[in-house]
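Only one structure is covered here, and it is reproduced in the block below.
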Amino acid sequence: MDRPAPPAQPELEREFSERIAADERIEPRDWMPDGYRATLVRQIAQHAHSEIVGMQPEGNWITRAPSLRRKAILVAKVQDEAGHGLYLYSAAETLGADRSRLLDLLHEGRQKYSTIFNYPATSWADVAAIGWLVDGAAIMNQVPLTRCSYGPYARAMTRVCKEESFHQRQGFEAMSVLAKGTSAQRRMAQDALDRWWWPALMMFGPPDGQSPNSAQSMAWGIKRFSNDELRQRFVDATVPQAEHLGLQIPDPQLHRDGEHYRTGEIDWTEFQEVMRGNGPCNRQRLAARVRAHEDGAWVREAAAAYAEKHPAAA
Ligand code: FAQ
């Protein structure tokens with residue numbers, strides 16, 4: 001018996017557009033335009049790379065955490081970040097991407113990771129600031145992604161956001177201990193805020209007029225809010241937290257405007273430079289990542305050999 005002919009391309013495109021308009025989830029076996037698939041692979045890969053490179057600034061402090069309790073929390077947080085990378089690489093695989101190819105692209109500097117992880121964590125207060133500001137910015141950006149039109153990415157984000165919100169709270173708590181501590185501790189906390197504030201604002205990406213991917217990503221229901229909208233939400237949520245801590249946001253132009261706080265101009269030249277590989281730690285971060293990958297080769301080989309011998313357990 002002859003099989004019915006598959007629907008023609010225009011029909012598939014119309015069906016896809018109708019499903020997006022109806023806010024339905026697109027799943028891996030569904031038809032999707034090539035551009036939609038490529039955009040998701042680009043964003044999810046960049047996000048996964050950010051999680052695993054993002055382990056480095058805080059990971060460097062595990063051996064120097066000020067107490068056993070802080071060390072246990074930090075180990076768990078850094079491990080969570082590795083886990084987030086794994087969910088995200090798996091989500092990219094559902095789109096047909098090859099995980100080892102994505103890692104090669106990262107290691108060759110051909111795929112991006114977040115600019116924020118190219119700044120150094122030079123004191124314990126930086127670990128607190130990363131939790132408070134970097135995880136805070138990450139949640140602001142990622143909560144809307146739980147409603148992303150692509151099912152596997154949205155579901156990964158639901159789990160990631162639960163963990164990130166714990167990370168943010170532990171960062172704020174660690175920051176408040178320093179802010180309420182000795183004058184030296186308060187200085188450390190302020191210094192960390194001074195150095196992480198502007199890079200955290202840059203995490204949301206270029207301003208709306210200079211964000212080439214936003215319009216299409218929003219039309220496809222991948223992004224739900226623009227870069228500037230999310231950045232503004234982060235500023236509005238974080239300024240009162242800094243006031244509560246008794247810390248000063250390092251921006252003389254910061255002012256209240258109705259229900260919002262308006263910041264001074266972000267240095268977009270710095271953002272572009274860091275994105276081009278010229279940030280304070282780009283080379284160091286990539287070299288550490290490549291080294292970790294090479295050092296882990298025996299683990300991948302052992303896992304593959306075990307899976308071959310014991311297919312049921314794989
Ligand atoms: N860094 O047109 P748009 C975390 C690139 S996870 C580097 O606006 P789009 C957890 C962008 O890729 C942090 N590159 O792009 C954690 C594009 O380049 P391309 C990561 C950036 O995609 C916490 C070009 O600029 N989160 O922190 C950045 O529509 C603590 C033009 O920009 C995610 O990845 C940047 N900051 O919007 C871990 C969330 N911004 O590819 C450890 C998911 C932009 O055209 C410790 N991603 N670019 O060559 C997103 O929501 C989006 O991809 C944006 C960018 C909003 C980041």
Report summary line: Distance in nm between ALA297 and GLU18 label points, each 7 Å along Cα→Cβ, equals 5.3
Report task. Could you work out how far apart the two model spin labels at GLN216 and ARG69 are, taking each label as a point 7 Å from the Cα in the direction of the beta carbon, and quote it in nm? Result -> 5.1
Report task. Using 0.36 nm per residue of separation minus the Cα-Cα distance, give me the extension gain between ASP191 and ALA38 in nm, one decimal. Result -> 51.1 nm
Report task. Counting helices only, and only those DSSP H runs with n ≥ 4, report the 222 nm mean residue ellipticity of the chain as the sum of -39,500 (n - 2.57) divided by its residues, in deg cm²/dmol to the nearest 500. Result -> -20000 deg cm²/dmol
Report summary line: Along region 196-210, Karplus-curve 3J(HN,Hα) (6.51, -1.76, 1.60; θ = phi - 60°) to the nearest Hz, with x for Gly and Pro, reads 9, 4, 5, x, 5, 5, 6, 4, 6, x, x, x, 3, x, 10
Query raised in the report: How high is the FRET efficiency from ALA312 to GLU259, r the C-beta distance, R0 51 Å, rounded to 0.05?
Result: 0.30
Query raised in the report: Which percent of the accessible heavy-atom area of the chain goes to carbon and sulfur, probe 1.4 angstrom?
Result: 54
**Report entry** Rounded to whole Hz, the Karplus (6.51, -1.76, 1.60) HN-Hα couplings of region 62-67, x for glycine and proline
**Finding:** 4, 6, 10, 4, x, 8
Query raised in the report: Excluding ligands, DNA and RNA, what is the solvent-accessible area per residue of the chain at a probe of 1.4 Å, expressed in Å²?
Result: 52
Requested in this report: Check the straight Cα-Cα distances from LYS162 and name the lysines below 23 Å, setting aside those fewer than 8 residues away within the same chain.
Outcome: LYS71, LYS77, LYS223
Report summary line: Counting sequence-distant residues (5 or more places) and residues on other chains, those with an amide H built under 5 Å from that of TYR261 are ASP236
Requested in this report: Could you state the orientation-averaged shadow area of the convex hull built on the Cα atoms of region 1-156, in nm² to one decimal?
Outcome: 12.0
Query - Pairwise Cα inverse-distance average, inverted: Kirkwood Rh of region 184-314 (Å) - result: 18.6
**Report entry** Whole-angstrom gap from region 248-314 to region 176-229, using each part's C-alpha centre
**Finding:** 14
Report summary line: Once both label points are put 7 Å beyond Cα along the C-beta direction, the ALA304-ALA287 separation in nm becomes 2.8
Query raised in the report: If you take the Cα atoms of the chain, find Rg, then find the Kirkwood Rh from the mean of 1/r over all pairs, what is Rg/Rh?
Result: 1.00
Requested in this report: Find, to one decimal place in angstroms, the Kirkwood hydrodynamic radius of region 240-314, where the mean of 1/r is taken over every pair of different Cα atoms and then inverted.
Outcome: 17.6
Query raised in the report: Highest GNM mean-square fluctuation, the chain, Cα pairs closer than 10 Å: which of GLN253, GLN216, GLN170?
Result: GLN253
Query raised in the report: What translational D, rounded to a whole number of µm²/s, comes out for region 125-246 from Stokes-Einstein when the hydrodynamic radius is the Kirkwood one over Cα pairs, at 20 °C and 1.002 mPa s?
Result: 141
Query raised in the report: Of ARG231, ARG147, ARG283, which is the most mobile in a GNM of the chain whose springs link Cα atoms less than 10 angstrom apart?
Result: ARG283
Report summary line: Counting sequence-distant residues (5 or more places) and residues on other chains, those with an amide H built under 5 Å from that of ILE26 are TYR150, GLY151
Report summary line: If one builds a Gaussian network model of the chain from Cα atoms under 10 Å apart, the most fluctuating residue listed among ARG285, ARG155, ARG256 is ARG256
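The values are calculated or read from the model by the stated rules, or taken from the named source; none is laboratory data. All values reported here derive from a predicted model rather than from experimental measurement. Note that we place each Cβ from the backbone using ideal geometry, even for glycine, and neighbour counts take in every protein chain shown. Heads up: the accessible areas ignore ligands, DNA and RNA and are worked out on the full protein's heavy atoms, side chains in. Shrake-Rupley method; radii C 1.70, N 1.55, O 1.52, S 1.80 Å.
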